[in-house]
Amino acid sequence: MRSAGEATRERILAAAKDEFARYGVAGARINRIAEAARASKDRLYAYFDSKEALFDAVIQQWIVETTEQTALRGDDLPGYAGRLFDDYVAHPENARLQEWAYLEMREQIADSDARIVTLRPKAAEIRRGQQEGFVDPSWNAGELLLVITDIARSLATAPVGRKSGERTVAQRRQTAVEAVRRLIRVPSVEDAPGRE
């Protein structure tokens, strides 16, 4: 059973996630977060000493939850793209929060930042996939991770139209999975330049 303090902290984080997803750090207002969390500003500041610290806590919580739900494996990057797509469709606020997180990154991000800490094992898993022959080894693992994330996010958040012939969510998911499958394909001898 959670204590009242833990429940208040979780309400603050949930309200802050909604606020930051809508407005980013600059546009977010502590008054709105406190009101939505049914907490006073003093109580909010007892848990988080600044709006930036609250944003960092929201980002860290979002990263941990998304990492657990999407599980990147070096031998199944297309599957990861599909799971990430599903997460963005189910939680569109995560896509907006990620965009704000990129915009809010400081020029020199600390090695201890949650975004960096989370990327390291994912990049290592991609390198494992490269070593085991599942992923084209010419890719930089960190850059490939960004490309896969952007493919899943952009296709998941694209508006769904009502005209006949427009792509459904399921079709766009398949496009994301297939795009990553083709992107990481290990070149064969027949693909080498100069061969006909």
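The values are calculated or read from the model by the stated rules, or taken from the named source; none is laboratory data. What you see is a predicted model, and the numbers here were worked out from it, not measured in a lab. Ideal geometry is used to build each Cβ from the backbone, glycine not excepted, and the neighbour counts take in all protein chains shown. Just the protein is used for accessible areas: all its heavy atoms, side chains included, with ligands, DNA and RNA removed. Shrake-Rupley method; radii C 1.70, N 1.55, O 1.52, S 1.80 Å.
Quick rundown of the values:
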{"quantity": "Order of exposure, largest accessible area first, which applies to ASP87, ASP18, ASP49 with probe 1.4 Å", "calculated": "ASP49, ASP18, ASP87"}
{"quantity": "Lys, Arg +1 and Asp, Glu -1 on Cβ, resulting dipole of the stretch 1-143 about Cα centre, debye, nearest 20", "calculated": "520 debye"}
{"quantity": "Linear extension gain, ALA90 paired with LYS41, 0.36 nm per residue minus alpha-carbon span", "calculated": "14.6 nm"}
{"quantity": "Heavy atoms of TYR23 accessible to a 1.4 Å probe, total area in Å² rounded to 10", "calculated": "90 Å²"}
{"quantity": "Amide H contacts under 5 Å for VAL135, placed H, 5+ residues apart", "calculated": "GLN130"}
